[in-house]
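Peer 1: Take this structure first; my questions come after.
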């Protein structure tokens, strides 16, 4: 299976789980937040599942964690839209345009804390959950620092690592692997793989947004190639190696 097919299949399961989790935690004020969680490719939630499976294990419970990460992602996008004054998100008016800035910020905060609660209350081993929550908090902090660096126009590579790579690629992969009881070496090498591919992901975003400087396409391909060279250290499973290679290609070939 190539990554695009893997993503499509997993995304369907994530959509069902997100709907279930949000209905379970529903209060009247969160109805608009539920609408904000609909749509999107579900890349991050899918990578949580993939990180878990790279250890050789399977679990239906990991979809719940992937869904939590997608809820976290939806919350970040609400804040992003307010900062960027974006009026459209996923084909409909941005949340702050529908409910006002103050309520949108509060609903995003709800999403952050709900994601933490879902991870904390999952059925994985307590030690693994503690490590997963530590990582989740670190990724959230890095994302905030990366956003500040982006707003201030600081070093683009470091910004891409903190704002995009940790949050979009390495964080989800490591989160899944940690909950599966993956080794320290695996967690570390997933971090290296994710950092390189995450930088490529950000450069591709810049290209798609029309904000890229000259030679950015070459830089995106350079970092994707660096990520591919790490795959052999992640797994000996041939199918998983092909899936990760396909994932690297997907990152720089996607149209959004």
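The values are calculated or read from the model by the stated rules, or taken from the named source; none is laboratory data. Quantities reported herein were computed from a predicted structural model and do not represent experimental measurements. Here the Cβ is made from the backbone with ideal geometry for all residues, glycine too, and neighbour counts use every protein chain on show.
Peer 1: Counting just the residues of region 59-90 that are over 20 Å from the mean Cα position of the chain (by Cα) and assigned to a loop (DSSP other than H, G, I, E, B), which one comes out surrounded by the most Cβ atoms within 10 Å (Cβ to Cβ)?
Peer 2: So the residue we want is 86.
Peer 1: Of all residues in region 231-256, which are surrounded by fewer than 18 Cβ atoms within 10 Å (Cβ to Cβ) and not in a helix (DSSP H, G or I)?
Peer 2: Result: 236, 237, 254, 255, 256.
Peer 1: Report whether or not residue 97 is modelled with pLDDT of 95 or more, touching a helix residue (DSSP H, G or I) at 6+ places or on another chain (Cβ under 9 Å) and either surrounded by fewer than 21 Cβ atoms within 10 Å (Cβ to Cβ) or under 29 Å from residue 179 (Cα atoms) (or both).
Peer 2: Details: modelled with pLDDT of 95 or more: no; touching a helix residue (DSSP H, G or I) at 6+ places or on another chain (Cβ under 9 Å): yes; either surrounded by fewer than 21 Cβ atoms within 10 Å (Cβ to Cβ) or under 29 Å from residue 179 (Cα atoms) (or both): yes.
So residue 97 does not fit the description; no.
Peer 1: So for region 208-230 (the condition being closer than 30 Å to residue 118 by Cα, part of a loop (DSSP other than H, G, I, E, B), modelled with pLDDT of 95 or more and over 20 Å from the mean Cα position of the chain (by Cα)), does at least one residue qualify?
Peer 2: No, that holds for no residue.
Peer 1: Return the only residue of 45, 40 being under 30 Å from residue 235 (Cα atoms), within 14 Å of the chain's Cα centre (by Cα) and either part of a helix (DSSP H, G or I) or modelled with pLDDT of 95 or more (or both). Give the derivation first.
Peer 2: Numbers: 40 fails: either part of a helix (DSSP H, G or I) or modelled with pLDDT of 95 or more (or both).
Selected residue: 45, the only one of 45, 40 that is under 30 Å from residue 235 (Cα atoms), within 14 Å of the chain's Cα centre (by Cα) and either part of a helix (DSSP H, G or I) or modelled with pLDDT of 95 or more (or both).
Peer 1: Sticking with this structure for a sec: How many residues are within 24 Å of residue 247 (Cα to Cα) and either at pLDDT 80 or above or in contact with a strand residue (DSSP E or B) (Cβ under 9 Å, 6 or more places away or on another chain) (or both) if we restrict to region 10-37?
Peer 2: So the answer is 9.
Peer 1: Among the helices (runs of 4 or more DSSP H) confined wholly to region 115-183, which include 3 or more residues that are at pLDDT 95 or above and surrounded by 18 or more Cβ atoms within 10 Å (Cβ to Cβ)?
Peer 2: On the way: elements: 126-151, 156-160, 171-179.
Filter on region 115-183 gives 126-151, 171-179.
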